[in-house]
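Worksheet: one structure, shown below.
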């Protein structure tokens, strides 16, 4: 039998309630956090500022299909994290990818957030 006057479950999320207290848990950038995009950004981050990597080299290095890599690069490009340069070597089309300054900063912030999250995991010793 149902009780219409029962209190709502205090543990159930309330979509109208403001976010709870800040527990010091850092936000992780959802654009970078996806595994494939994290691998892409981490790979590009080791290149000197302004250097770029050929799409096919990245595809081989990361073991990704062209379609999968292309989808993730588009998301990163939409966020302003990578720059894509389509050109030609002779008559052969070549696509180069570089991490932008914004992407480098986002990756730096992401790694700080991950470190903070991991440092706080399990409590203080």
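Quick notes on this structure:
- Residues that are within 15 Å of residue 48 (Cβ to Cβ) and out of contact with any helix residue (DSSP H, G or I) (no Cβ under 8 Å at 6 or more places or on another chain) within region 85-107 comprise 100, 101, listed in sequence order.
- Residue list for region 32-61, restricted to those being assigned to a helix (DSSP H, G or I) and more than 20 Å from residue 110 (Cα to Cα): 55, 56, 57, 58, 59, 60, 61
- The condition of being more than 19 Å from residue 30 (Cβ to Cβ), surrounded by fewer than 15 Cβ atoms within 10 Å (Cβ to Cβ) and modelled with pLDDT of 95 or more holds for only one of 50, 63, 80, that being 63.
The values are calculated or read from the model by the stated rules, or taken from the named source; none is laboratory data. As the structure is a prediction and not an experimental result, all values here were calculated from the model. Note that each Cβ is placed from the backbone with ideal geometry, even for glycine, and that neighbours are counted across all protein chains shown.
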